[in-house]
Amino acid sequence: AMGQSVDREISGMITTLRVLSSDQFLEVGDLEHFHDRATIALAGTGSYIIGIDEDGNQLINSRVEFGTPLGQSSDVITAARAIERARPTVSNLFFGKVAQTWVYNVWLPLTPEAPVRLLALTQNARDLIPVLQSRELPHGWNAALVDGANTVIASTTGDEFAIGDTLPMRRDLDN
């Protein structure tokens with residue numbers, strides 16, 4: 001049941017990306033107006049839009065005003081994997097340079113000739129904690145959501161497993 005809650009969250013992000021990717025301003029390359037519309041559409045959701053070119057350079061990021069110098073995405077590996085797979089792709093946890101906190105992305109590749117090569121919805125990892133807490137666990141039980149690298153994305157354990165920690169059993173395997 002908890003996994004289904006997380007799956008619904010990711011599915012909702014993919015749907016939002018598909019809707020935003022069809023925006024007329026994005027299609028004609030008017031990134032300033034697209035940035036404004038996406039920022040309004042995502043207000044209060046905890047999600048932010050990122051658009052990058054083929055080389056991973058950020059063209060838009062709704063965490064900041066349009067025109068702010070952005071540099072390369074903090075998540076070029078997942079972006080490249082999304083292009084390679086030609087389908088939506090979820091990142092591992094990473095520390096976002098613009099966000100200055102632990103985040104994860106859901107990437108949607110666009111056509112190679114599009115003004116923006118990929119769109120991502122990004123969220124702060126801590127925003128997934130309520131998703132985990134929405135399911136009632138037996139007394140004394142805790143839950144943690146981990147990524148493919150066994151890094152804690154969110155947990156109900158308080159400070160025992162903080163966001164960004166690697167689970168102990170993974171640490172032992174690596175030694």
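Within the stretch 59-100, what residues put their amide N at less than 16 Å from the label point 7 Å along the Cα-to-Cβ vector of His33?
In the stretch 59-100, the label zone of His33 (backbone N under 16 Å from the point 7 Å along Cα→Cβ) covers no residue.
Figure the gain on full extension for Gln4 and Asp147 (residue separation times 0.36 nm, minus the Cα-Cα span) and round it to one decimal in nm.
Stretched fully, the Gln4-Asp147 segment lengthens by 49.9 nm.
In the chain, carbon and sulfur make up what percent of the accessible area (probe 1.4 Å)?
50
Count charges around Arg87 for me, please; just the other residues with Cβ under 15 Å from its Cβ, Lys/Arg as +1, Asp/Glu as -1.
Values: positive: Arg18, Arg81, Arg85, Arg117; negative: Glu84.
Value of the local net charge: +3.
Please compute the volume of the convex hull spanned by the alpha-carbon atoms of the stretch 41-158 and report it per residue in Å³.
About 121 Å³ per residue, rounded to a whole number.
Sum -39500 (n - 2.57) across every DSSP H segment of at least 4 residues in the chain, then divide by the residue count to get the 222 nm mean residue ellipticity, nearest 500.
-9500 deg cm²/dmol
If each residue of separation counts as 0.36 nm, what is the full-extension length gain between Leu167 and Thr68 once their alpha-carbon separation is subtracted?
The span from Leu167 to Thr68 would gain 32.0 nm if fully extended.
Using only the alpha-carbon atoms, how far is helix 76-85 inclined from the longest principal axis of the chain? Give it as 0 to 90 degrees, nearest 10.
80
The values are calculated or read from the model by the stated rules, or taken from the named source; none is laboratory data. Computed from a predicted model, the values in this text were never measured in an experiment. Glycine gets a Cβ as well: all are built from the backbone with ideal geometry, and neighbour counts include every protein chain shown. Just the protein is used for accessible areas: all its heavy atoms, side chains included, with ligands, DNA and RNA removed. Shrake-Rupley method; radii C 1.70, N 1.55, O 1.52, S 1.80 Å.
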